[in-house]
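What follows is a short report on a single structure.
The values are calculated or read from the model by the stated rules, or taken from the named source; none is laboratory data. From a predicted model like this one, the values you see are computed outputs, not experimental measurements. Ideal geometry is used to build each Cβ from the backbone, glycine not excepted, and the neighbour counts take in all protein chains shown.
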Amino acid sequence: MAETAGEIGSKSGGCPVSGHGGSGCPVSELAANFDAFEGPYQVDPAEALRWSRDQLPVFYSPKLGYWIVSRYDDIKAVFRDNILFSPKNVLEKISPAIPEAMEVLKGYGYAMNRTMVNEDEPAHMERRRALIGHFLPENLAANQEMIRRLTREKVDAFIDCGRVDLVDAMLYEVPLNVALHFLGVPEDEIAVLRNFSLAHSVNTWGKPTPEKQIEVAHSVGKFWQYAGSVIEKMKAEPDGRGWMHETIRKNAEIPDVVPDSYVHSMMMAIIVAAHETTSLASANMFKTLLSHREAWDDICADPSLIPNAVEECLRYAGSIVAWRRQTTGPARVGDVDLPEGAKLLIVQASANQDERHFEDGDTFDIYRDNAVDHLTFGYGAHQCMGKNIGRMEMRIFLEEVTRRLPHLRLAEQEFSYLPNTSFRGPDHLWVEWDSSENPERRDPGLLDRTLEFPVGAPARKDIARRIRVTGVQTVADRIVQLTVEDAHGRALPNWSPGAHIELCLGGYDRKYSLCGAPGENAYTVAVLREDEGRGGSRYIHDTVKPGMEIRMRGPHNLFRLDEDAEHYLLVAGGIGITPILAMADRLKALGKPYQLHYAGRSRAAMAFVDRAARDHGAALSVHAREDGARMDLPGLVGALPEGGRIYACGPERMITALEDLTSGLPEGTLRFEHFSSHNTGLDPEKEQAFEAELSDSGLTVQVAADQTLLDAIRAAGIDVASDCCEGLCGSCEVQVLDGDVDHRDVVLSRSERAENNRMMACCSRAKNGGRLRLGL
Ligand code: FES
């Protein structure tokens, strides 16, 4: 529903939408009644806004005086444009302060200024560039040892207790110590800082009573003075280490970019930002995992799952629930027009469970392979600089605790939370265990078996679940069919025709299309033995037996069937029948007209011919070369009715022929999937370096001749998903805004390449060493 907002409503609740006086929203009482400080939003913000995601994704809340934005795409679009959607209100008090509290703050000389989170351009990016060095992945790895030492000291202190509040015993203090260490701030006043930072949160994002406001104002004022005194101490150590020392040095070197007022405000803001969010996120993580026992047990059994489990916890129960923006001109979010000056509460907790982006978004699944897309760290130029150190801490906490206390469980308790709009995590988290069962009592060597994780977003290759092979059957010459189930007997994720899984065994990772029936609690794939291949199929043929446990990634679907066409031509060459057969099954079930053409060397070498004949008899044509039956591709394409679609999977020459034949047909007529790519890595002798501007992040990266664009982007601290890293899967696709691309993937069709608006960052490059501008 399109709305045109007139004057912004007053804080007291006038409706901002012309002609709809007072109700707060022309269509919904739910919008009028939305309360960010009480009720469902404080209990479960994502669930509280489910109605909004479904019915009214952008609405005005008269109680808060803000526009609430709840869908993933809308929130990402707001983050992307930090000029039209200014961050200037991020640290504004969300509840107006009483004059007495303002007086108290004045008495302490409180003069909080803009900091990194609420600065506008161009000042923001200039400072961010000047100060980002410590946060880059290459400079963070050195912190792992310190984090592990601090974590271990805490776990050592409570390992024999059998019951502990994890927040008090570890999750508050370790992130604070890490933050102080990282910043280079003395660690002598931890207890004081805890009160200070709580006061800062209540002051900025809470709704304190008048009495509480006075109390909080005193704490905030003292925090301000404390931050000032620490800066003075630090100035006396010109060679001091840590990010705040670096900021102080930059203040001396480039005072116009990093001025005095900035240093003081930043000191106060970053002490909170650097640890409070990690503490809360870590408490949420343990609570979530211990409430989903299967996930906890899987991690205990296989700690390589930790990086993605952390990401899924950040998605499902992140510590940053909502952030703020203010329009600097007339703007449109979703299909709602907003006036200049409109204040927005963009609810990341809601975006993170938006079904439009995350399948089964309200289900917690540590094997979810797009968990890393969550918006808990924000997105774009203002994305959290400390995200990788936060991830690092959460991974080490989880690794140490799952290894040493796999029998940990949540104790009976009532959880309490600090009421506010934006941060969320339990005040306490009581856990218990039988300390006589601690594994290290029987196995002291356990303490030394730590796992290191690379810095940054998790790699998709680490997101693998255990499955058991339940059937191995020869279905044609050199082709075996494997049937697999979850190793724990749990339900496997649902899949759709065109999806594939990746089997990981014997050091090989190989993708195979699913060809059973969606909805069954087992997956079926067919594997062609390729004696001239790289060894994966030979290994499977020679070693896989029923009962064997292996690992699997996926399912992923990069070859989706568009179910809206009027007619379908399905073309399979050899083992390419597997996704095509699943599509034919689906089209038959939908009652859509389709033809299935299946070509191969000989009937004996073609899998599932009998099954295809049984299920698709009238629609099926088999073209076996040994019978002299060749597929007439020009004839088939020529006979395709208008609006028809072609889905093809098979050898490259077949796909190339179809691309040629369909080049004059409407975009999207041909969809195909390749078996392999030609990417064999970079040859620096032949490659050229180039430059890529990341427009959403305000960064420019240099891509060396021996480096992929994907690696260069990640080195700058920007997360981009990836999977195959050879141009096959499409998961590293990035938006191209400007510049000519040398496409080297096999994902994009010729016409998609010609559009020049997207590229695969793992393999494609700028043409002739030119410059690219990317929507990242
Ligand atoms: Fe698969 Fe780039 S990671 S195409």
Being in a helix (DSSP H, G or I) and without any contact (Cβ under 8 Å) to a residue 12 or more places away in the chain is the filter here, so list the residues in segment 247-277 that pass it. ARG249, ALA252, GLU253, ASP260
Within segment 760-775, considering residues that are out of contact with any helix residue (DSSP H, G or I) (no Cβ under 8 Å at 6 or more places or on another chain) and free of Cβ contacts under 8 Å to residues at least 60 places away in the same chain, the one farthest from the ligand (Cβ to nearest atom): LYS767
Return yes or no: is THR402 in contact with a helix residue (DSSP H, G or I) (Cβ under 6 Å, 6 or more places away or on another chain), crowded, with 20+ Cβ neighbours inside 10 Å and in a helix (DSSP H, G or I)? yes
Pairs only if they're at least six apart or on different chains, beta carbon under 6 angstrom, first in segment 715-732 and without any contact (Cβ under 8 Å) to a residue 40 or more places away in the chain, second part of a loop (DSSP other than H, G, I, E, B) and near the ligand (Cβ under 6 Å from one of its atoms); list them, first residue then second. CYS725/CYS762; CYS732/SER722; CYS732/CYS762
If you go through segment 118-132 one residue at a time, do you hit one that is out of contact with any Cys (no Cβ under 9 Å at 6 or more places or on another chain) and within 19 Å of VAL202 (Cβ to Cβ)? yes
Could you run through segment 749-764 and say how many residues are under 23 Å from the mean Cα position of the chain (by Cα) and not hydroxyl-bearing (Ser, Thr, Tyr)? 7
Going through GLU440, GLU393 one at a time, which residue ends up being surrounded by fewer than 22 Cβ atoms within 10 Å (Cβ to Cβ), in a helix (DSSP H, G or I), of a type in the set (Asp, Glu) and out of contact with any strand residue (DSSP E or B) (no Cβ under 6 Å at 6 or more places or on another chain)? GLU440
Got a sec? Which strands (runs of 3 or more DSSP E) wholly within segment 278-347 have at least 2 residues that are out of contact with any Lys or Arg (no Cβ under 7 Å at 6 or more places or on another chain)? 323-327, 331-333, 336-338
With respect to LEU636, determine if the residue is of a type outside the set (Val, Ile, Thr) and at pLDDT 95 or above. yes
Considering only strands (runs of 3 or more DSSP E) wholly within segment 532-621, the ones with at least 2 residues that are in contact (Cβ under 8 Å) with a residue 12 or more places away in the chain and touching a Gly at 6+ places or on another chain (Cβ under 7 Å) are 567-573, 594-600
Which one of these does LYS686 not meet: (1) within 16 Å of the ligand (Cβ to nearest atom); (2) in a loop (DSSP other than H, G, I, E, B)? (1)
Taking the criterion of being assigned to a helix (DSSP H, G or I), of a type in the set (Ser, Thr, Tyr), at pLDDT 90 or above and within 27 Å of VAL347 (Cα to Cα), would at least one residue in segment 72-83 satisfy it? yes
Could you tell me which residue of segment 236-246 is surrounded by the most Cβ atoms within 10 Å (Cβ to Cβ), considering only residues that are touching a residue at least 40 places away in the same chain (Cβ under 8 Å) and of a type outside the set (Phe, Trp, Tyr)? MET244
Of the listed residues (VAL746, VAL734), the one being within 16 Å of the ligand (Cβ to nearest atom), under 26 Å from the mean Cα position of the chain (by Cα), closer than 30 Å to GLY378 by Cβ and of a type outside the set (Gly, Ala, Ser) is VAL734
So is PRO546 more than 30 Å from ASP632 (Cβ to Cβ) and surrounded by fewer than 17 Cβ atoms within 10 Å (Cβ to Cβ) or not? yes
Could you tell me whether GLU726 is under 30 Å from ARG529 (Cβ atoms) and either within 16 Å of the ligand (Cβ to nearest atom) or assigned to a helix (DSSP H, G or I) (or both)? yes
Exactly one of these conditions fails for GLU187: (1) more than 30 Å from ARG53 (Cβ to Cβ); (2) assigned to a helix (DSSP H, G or I); (3) among the charged types (D, E, K, R). Give me its number. (2)
Kindly check whether there is at least one residue in segment 670-679 that is surrounded by 22 or more Cβ atoms within 10 Å (Cβ to Cβ) and near the ligand (Cβ under 10 Å from one of its atoms). no
Cβ pairs under 6 Å, 6+ apart, first in segment 32-47 and farther than 19 Å from ASP354 by Cβ, second modelled with pLDDT of 90 or more and not polar (S, T, N, Q): ASP35/LYS63
Tally of residues being of a type in the set (A, V, I, L, M, F, W, C) and under 16 Å from GLY643 (Cβ atoms) across segment 571-610: 2
Please determine, by comparing only the residues of segment 699-723 that are out of contact with any strand residue (DSSP E or B) (no Cβ under 8 Å at 6 or more places or on another chain) and at pLDDT below 85, which one is nearest to the ligand (Cβ to nearest atom). SER722
Out of everything in segment 94-117 that is surrounded by fewer than 17 Cβ atoms within 10 Å (Cβ to Cβ) and part of a helix (DSSP H, G or I), what residue ends up being nearest to the chain's Cα centre (by Cα)? MET102
Going through segment 104-146 one residue at a time, which ones are in contact with a strand residue (DSSP E or B) (Cβ under 9 Å, 6 or more places away or on another chain) and of a type outside the set (Asp, Glu)? VAL117, ASN118, MET125, ARG128, ARG129, ILE132
Could we say that HIS488 is in a loop (DSSP other than H, G, I, E, B) and closer than 30 Å to PHE453 by Cβ here? yes
GLY739 passes all but one of the listed conditions (1) touching an Asp or Glu at 6+ places or on another chain (Cβ under 9 Å); (2) within 16 Å of the ligand (Cβ to nearest atom); (3) in contact (Cβ under 8 Å) with a residue 24 or more places away in the chain; (4) under 30 Å from ASP81 (Cβ atoms); the exception is number (2)
